[in-house]
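Asks: The structure that follows is given in the form of structure tokens.
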Amino acid sequence: MNFAPTDEQKMVREMVRKFSEENIKPVAAEHDRTHRHPQELCRKLGEMGIMGVAVPTEYGGAGMDNVTYVMALIEISKACASVGVITSVNNSLYGYPINEFGTDEQKRRYLAPVAGGKVEGCYGLTESSAGSDAAAVKCKAELRGDKYIVNGVKTFITNGNVADYCVLAATTDASVGYKAIINLIVDLKNTPGFHVGKVEEKLGILASGTAELVFEDAEVPAENLLGKPGQGFRQMLSGLDAGRIGIGAQACGIGRAALEDALAYAKERVQFGKPISAFQAIQFKLADMATELDAAELMLLRAAWLEDNHLDFEKEAAMAKYYASDVAMKAAIEGVQIFGGYGYIKEYPAERHMRDAKICQIYEGTNEIQRIVVSRKLLGMR
């Protein structure tokens with residue numbers, strides 16, 4: 001077993017680390033304060049190939065692997081969790097299903113602009129009554145001639161207020177359950193009957209928009225169906241597996257930021273005549289943070305490697321997502337504790353890391369759902 005990254009992976013990680021340190025980190029606090037979508041940064045990351053890392057070059061991506069994607073996303077999220085989740089959605093929740101199940105025409109028209117970083121994409125799954133129970137979607141898509149007529153409201157959609165395109169989960173017959181779920185590619189800027197609803201006020205990831213998508217007799221060309229009728233639920237689950245690797249990487253980046261900031265502060269903060277890093281209580285916190293974050297990163301890289309090698313990665317993605325997000329939350333809380341009172345004020349980044357980390361335990365399937373996924377795989381249950 002070779003734990004050494006390839007020369008290309010090392011080059012990309014260093015390139016993204018340098019870009020993130022010089023361009024993303026300096027404006028992260030300001031974007032958090034203003035809730036401003038970091039469009040310029042997204043365009044630059046797209047030019048670097050980071051908005052479609054594993055997408056083939058002919059469809060606008062970088063043509064690299066998912067291990068590289070994890071490495072890059074950790075570095076981005078370490079600088080700013082909001083830019084991290086925007087990058088994750090473009091690559092995973094939006095990009096993955098089109099790359100895996102789309103036609104050549106769909107990829108060229110709807111994947112290439114997002115993978116190339118020209119615009120944002122989003123995935124319309126969650127509804128007020130369909131969160132953890134993803135099969136309970138009520139958004140209706142009725143085929144009439146050469147169009148689907150879509151009615152319903154999607155909630156908590158990352159990038160929803162800024163995206164040009166959406167992969168939309170809908171049902172052709174809610175009484176049939178998951179077998180009637182389909183995925184449609186929607187051109188949000190050119191779809192009659194669609195509008196953006198409420199944009200949420202959140203605890204964290206404040207530079208990343210989270211919005212309602214409202215469809216009222218919205219017209220979507222039938223040719224925008226991903227795959228065939230009846231395949232939507234399986235596509236959804238596969239896309240969520242890929243997305244969980246991305247959110248785990250985002251969480252790991254947040255945790256590493258919390259660790260690095262706490263470590264630097266502990267070396268500088270003097271109490272009782274010495275730096276607080278000299279006290280075992282602080283040393284043990286730092287040691288636990290570093291150990292757990294290293295373990296989380298290894299789990300993420302394993303899941304990404306399995307995906308790259310076309311092996312089943314459902315269990316490993318769920319494990320990595322919930323472990324990385326739990327570890328990130330713990331690291332962020334300990335970071336605030338090490339900063340003490342300064343950790344609770346906005347002048348320092350510790351409180352932002354704590355606010356940003358929490359969502360990683362919730363979206364892409366709560367960590368309770370991840371444990372269900374893992375246990376079912378262990379027990380051989382469907």
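Asks: How much length is gained if the chain between residue 344 and residue 30 is pulled fully straight, taking 0.36 nm per residue apart and subtracting their Cα-Cα distance, in nm to one decimal?
Replies: Between residue 344 and residue 30, full extension yields 111.3 nm more.
Asks: Once you have the Cα-Cα distance between residue 133 and residue 291, take 0.36 nm times their residue separation minus that, and quote the gain in nm to one decimal.
Replies: Computed gain between residue 133 and residue 291 is 53.5 nm.
Asks: Next up: With contacts defined as alpha carbon pairs under 8 Å and 6 or more residues apart, what's the relative contact order of the chain in percent?
Replies: Working: 777 pairs, mean separation 61.0, N = 382.
Answer for the chain is 16 percent.
Asks: If the elastic network links every pair of Cα atoms under 10 Å, which of 355, 144, 302 fluctuates the most in the Gaussian network model of the chain?
Replies: 144
Asks: Out of residues 5 or more away from residue 124 or on other chains, whose amide H comes under 5 Å of its own, with H placed 1.01 Å from N in the peptide plane?
Replies: 167, 168, 169
Asks: Holding the Cα-Cα limit at 31 Å, pick out from 346/377; 118/377; 44/321; 107/358; 10/228 the pairs that are longer than that.
Replies: 346/377; 118/377; 107/358; 10/228
Asks: Based on the Cβ-Cβ distance from residue 178 to residue 274, what FRET efficiency comes out when R0 is 41 Å, to the nearest 0.05?
Replies: That gives a FRET efficiency of 0.10.
Asks: If you don't mind, another one. Taking the Cα centre of the stretch 233-379 as origin, sum charge times position over the Cβ atoms of Lys and Arg (+1) and Asp and Glu (-1), and report the length of that vector in debye to the nearest 20.
Replies: Values: 18 positive and 20 negative charges, 63 e Å.
The dipole magnitude comes to about 300 debye.
Asks: Aspartates and glutamates near residue 330 by alpha-carbon distance under 18 Å, same-chain residues fewer than 8 away left out - which ones?
Replies: 260, 261, 288, 292, 294, 297, 351, 356, 368
Asks: Checking the cross-link filter: which lysines have an alpha carbon closer than 18 Å to that of residue 198, excluding same-chain neighbours under 8 positions apart?
Replies: 154, 189
Asks: Over the stretch 7-119, what relative contact order in percent results from Cα pairs under 8 Å that are six or more residues apart? Don't skip to the answer; put the middle values down first.
Replies: Numbers: 145 pairs, mean separation 37.0, N = 113.
In percent, rounded to a whole number, it is 33.
Asks: Based on alpha-carbon centroids, what's the gap between the stretch 44-115 and the stretch 118-161 in Å, whole number please?
Replies: The stretch 44-115 and the stretch 118-161 have Cα centres spaced 21 Å from each other.
Asks: Evaluate the distance, in nm, between pseudo-label points positioned 7 Å from the Cα of residue 379 and of residue 44 along their respective Cα→Cβ axes.
Replies: 4.9
Asks: What full-extension length gain, to one decimal in nm, is calculated for residue 11 and residue 190 as 0.36 nm per residue of separation minus the Cα-Cα distance?
Replies: Computed gain between residue 11 and residue 190 is 60.5 nm.
Asks: Then there is this: So how far apart, in nm, are the two label points at residue 310 and residue 104 if each is 7 Å from Cα heading toward Cβ?
Replies: 1.9
Asks: With labels modelled as points extended 7 Å from the Cα through the Cβ direction, what inter-label distance (nm, one decimal) is found for residue 142 paired with residue 366?
Replies: 3.4
Asks: Continuing with the same structure: Tell me, rounded to the nearest percent, the portion of alpha carbon pairs in the stretch 7-119 spaced more than 23 Å apart.
Replies: Values: 1509 of 6328 pairs.
Result for the distance tail: 24 percent.
Asks: Once the other residues with Cβ under 14 Å from the Cβ of residue 230 are scored (Lys, Arg +1; Asp, Glu -1), what is the net sum?
Replies: Neighbourhood net charge equals +2.
Asks: Under the rule of -39500 (n - 2.57) per DSSP H run of 4 or more residues, summed and divided by the residues of the chain, what mean residue ellipticity at 222 nm is obtained, to the nearest 500 deg cm²/dmol?
Replies: That comes out to -15500 deg cm²/dmol.
Asks: For the charge dipole of the chain, defined by +1 on Lys and Arg C-beta atoms and -1 on Asp and Glu C-beta atoms about the Cα centroid, which residue among 331, 89, 155 has the Cα displaced farthest towards the positive pole?
Replies: Most positive-ward Cα: 331.
Here, each number is a calculation from the coordinates, and none is a lab measurement. All of these numbers come straight from a predicted model, not from anything done at the bench. In this analysis, Cβ positions are derived from the backbone assuming ideal geometry, glycine residues included, and neighbour counts consider all displayed protein chains.
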